[in-house]
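Colleague: After the structure tokens below, expect a handful of questions from me.
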Amino acid sequence: MTARIVLLVTSPRLPAGLLTAQAWDVVRRFPVFAGADSELATAVSVAGGTVTVPAPESESVEQTLLAAAAEHGTAVWLAGPAGDEDLARRLGLRLAREPALAELELMYGSWDPPGARLLDAVEVMDRLVSPGGDPWKRQQTHDSLARYLLEESYEAYDAIAAGDLTALRDELGDVLLQVVLHARLAQELPDGERWDVDDVAGGLVAKMIRRNPHVFAGVQVDGIDDIVDNWEQIKAAERVESGAASGAGETPSPMDGIVLAQPALSLADKVLQRAGRAGVDVPLPQPDPADDPSTRLGAQLLELVAQARADGLDAEGALRRATLAYAAAVRTAATD
């Protein structure tokens, strides 16, 4: 039977003991070697495996593994967090020249779960904001970063509008950077006010489950309109509960929770949408010759947005596309 050397690769982002049944079988049955002590090496030892860290002055690691494989049939190498590619390459070259010595097998004992690299993002940001990290990030506040969050969101929007999905991936990374940085700075708040990225993620998970009862609670819906109606009703109930918890005691309004800092056309669209869903019939302001030009213009623009909604159009998107087309025409004319 041909001897084999198993390079066991695991996810450094999972607890050390979470291995496949196949991986546990080989580390319990055969001698195991590692480049350094680690949580995984400890877990294997506790479970009854034998882990050896070759001393620096001992024979080469490759020779140690070959000798153990020849004696026991199989030798296992616990790859480090980076995968120990140099060792794998040296072993591969050696066995390519001398294939009778052993077979080289790559075995995955665990895999990164979806979202695992988010843990890396949190870890890197913690390093940047901790003492000895990046002075610029350490001196930022939520207020000082607000404009960057807005800028990065607009850049992501531009990528979507341009249909550039590669750029979108990059821009969403910049948006995520802002989220992770805000969360890390919040860890420095006083007791009672402090929160972190897990609180952000936990709140998001709870909100997604709460606002999608047709998925998580068996609520029956008849199409997208029902889903949207449920979403708005749940949000309204949340605002009532939030007001009661804060002691505000104010009567909930369909205007509650609207982001006032958004562009004026999209703000008008959202206000009209909320008013329509709430069944509140308030006439639109009519242009009056006695009003100043700015007031008349505002009334005319709001009426245009209302008409766009009635026609199923996005006023913000339409104006944006028209403006960009005009900008392209100006650019072309300026270069002729």
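The values are calculated or read from the model by the stated rules, or taken from the named source; none is laboratory data. Keep in mind that this is a model prediction, so the values were computed, not measured. Positions of Cβ are backbone-derived with ideal geometry, glycine not excepted, and every protein chain shown enters the neighbour counts. Keep in mind that these areas ignore ligands, DNA and RNA; they rest on the heavy atoms of the full protein, side chains included. Shrake-Rupley method; radii C 1.70, N 1.55, O 1.52, S 1.80 Å.
Colleague: Highest mean first, how do 169-182, 90-103 rank when packing is the count of other Cβ atoms within 10 Å averaged over residues? Don't skip to the answer; put the middle values down first.
Modeller: Working: 169-182: 16.4, 90-103: 13.6.
Averaged packing, sorted descending, gives the order 169-182, 90-103.
Colleague: Sticking with this one: For all pairs of alpha-carbon atoms in the stretch 45-113, what percent lies in each bin of width 10 Å, listed from the first bin to the last filled one?
Modeller: 16, 51, 29, 4
Colleague: To the nearest Å, what is the center-to-center distance of the stretch 12-35 and the stretch 108-182, using C-alpha atoms only?
Modeller: 33 Å
Colleague: Taking the Cα centre of the stretch 92-164 as the origin, how large is its charge dipole in debye, to the nearest 20, when only Lys and Arg (+1) and Asp and Glu (-1) carry charge on their Cβ atoms?
Modeller: Values: 7 positive and 14 negative charges, 64 e Å.
That gives the stretch 92-164 a dipole magnitude of about 300 debye.
Colleague: Let me ask something else about it. Projected onto the charge dipole of the stretch 120-258 (+1 at Lys/Arg Cβ, -1 at Asp/Glu Cβ, origin at the Cα centre), which of G132, A162, V205 gives the Cα projection farthest towards the positive end?
Modeller: Final value for the positive-end residue is G132.
Colleague: Moving on to the next point. Go ahead and estimate [θ] at 222 nm for the chain from helices alone: -39,500 (n - 2.57) per DSSP H run with n ≥ 4, summed, over the residue count, rounded to 500. Write down the numbers at each step before the final one.
Modeller: Numbers: 14 runs with 199 residues, N = 336.
Helix contribution divided over all residues of the chain: -19000 deg cm²/dmol.
Colleague: Enter the angle in degrees (range 0 to 90, nearest 10) between the Cα long axis of helix 142-162 and the first principal axis of the Cα atoms of the chain, meaning the one along which they spread out most.
Modeller: 90 degrees
Colleague: Relative contact order of the chain, please, whole-number percent, based on alpha carbon pairs below 8 angstrom and at least 6 residues apart.
Modeller: Numbers: 313 pairs, mean separation 41.6, N = 336.
Once normalised by length, the contact order is 12 percent.
Colleague: Next question. Once Lys and Arg get +1 and Asp and Glu get -1 on their Cβ, which of Q63, Y148, V6 lies farthest toward the positive end of the dipole of the chain?
Modeller: Ranked along the dipole, the leading option is Q63.
Colleague: Report in % the part of the accessible area of the stretch 209-336 that belongs to carbon and sulfur, leaving out ligands and nucleic acids; probe 1.4 Å.
Modeller: Numbers: 5300 of 9040 Å².
Within the stretch 209-336, the accessible surface is 59 percent carbon and sulfur.
Colleague: If you fit an axis through the alpha-carbon atoms of helix 165-186 and take the longest principal axis of the Cα set of the chain, what angle between them do you get, 0 to 90°, nearest 10?
Modeller: It works out to around 90 degrees.
Colleague: Quick one: what are the phi-derived ³J(HN,Hα) couplings along the stretch 93-98, Karplus 6.51/-1.76/1.60 with θ = phi - 60°, whole Hz, x for glycine and proline?
Modeller: Each residue of the stretch 93-98 in turn: 5, 5, 6, 5, 7, 10 Hz.
Colleague: Something else about it: Once you have a ≥ b ≥ c as the square roots of the Cα gyration tensor eigenvalues for the stretch 99-239, tell me rounded if a/c is under 1.5, and otherwise prolate or oblate according to whether a/b is larger than b/c. Before the final figure, lay out the partial values.
Modeller: On the way: a/c = 1.66, a/b = 1.17, b/c = 1.43.
Cα axes put the stretch 99-239 in the oblate bin.
Colleague: Using θ = phi - 60° and the Karplus curve 6.51 cos²θ - 1.76 cosθ + 1.60, what whole-Hz ³J(HN,Hα) does each residue of the stretch 206-222 get, with Gly and Pro shown as x?
Modeller: With the stated coefficients, the stretch 206-222 comes to 4, 5, 4, 5, 5, 8, 10, x, 5, 9, 9, 10, x, 6, 7, 10, 10 Hz.
Colleague: Let me know the charge dipole size of the chain about its Cα centre in debye, to the nearest 20, where only the beta-carbon of Lys, Arg (+1) and Asp, Glu (-1) is charged.
Modeller: Working: 29 positive and 52 negative charges, 120 e Å.
With Lys and Arg at +1 and Asp and Glu at -1, about 580 debye.
Colleague: Still on this structure, I have one more. Per residue, how much accessible area does the chain show when a 1.4 Å probe rolls over the protein heavy atoms, in square angstrom? Before the final figure, lay out the partial values.
Modeller: Values: 21680 Å² over 336 residues.
Result: 65 Å² of accessible area for each residue.
Colleague: Over the stretch 1-143, calculate the relative contact order: mean separation of alpha carbon pairs under 8 Å at least 6 apart, over the residue count, as a percent.
Modeller: Working: 195 pairs, mean separation 53.5, N = 143.
Relative contact order of the stretch 1-143: 37 percent.
Colleague: Okay, moving on. Please tell me the relative contact order of the stretch 105-206 in percent, rounded to the nearest whole number, where contacts are Cα pairs under 8 Å and at least six residues apart.
Modeller: Relative contact order comes out at 24 percent.
Colleague: Keeping the other protein chains in place, figure out the carbon and sulfur percent of the accessible area of the stretch 1-145, with a 1.4 Å probe.
Modeller: Details: 4720 of 8540 Å².
In the stretch 1-145, the share of accessible area belonging to carbon and sulfur is 55 percent.
Colleague: Continuing with this model, one more query. Averaging over all projection directions, find the projected area of the Cα convex hull of the chain and quote it in nm² with one decimal place. Intermediate values should be presented prior to the final figure.
Modeller: Values: hull surface 125.7 nm².
The directionally averaged projection comes out at 31.4 nm².
Colleague: Here's a follow-up. Quick query: amide H of R4 versus all other amide H atoms, modeled in the peptide plane; which residues come in under 5 Å with a sequence gap of 5 or more or a different chain?
Modeller: For R4, the qualifying residues are T74, A75, E103.
Colleague: Continuing with this model, one more query. With just the Cα atoms defining each centre, how far is the stretch 61-98 from the stretch 204-233? Give it in Å.
Modeller: 53 Å
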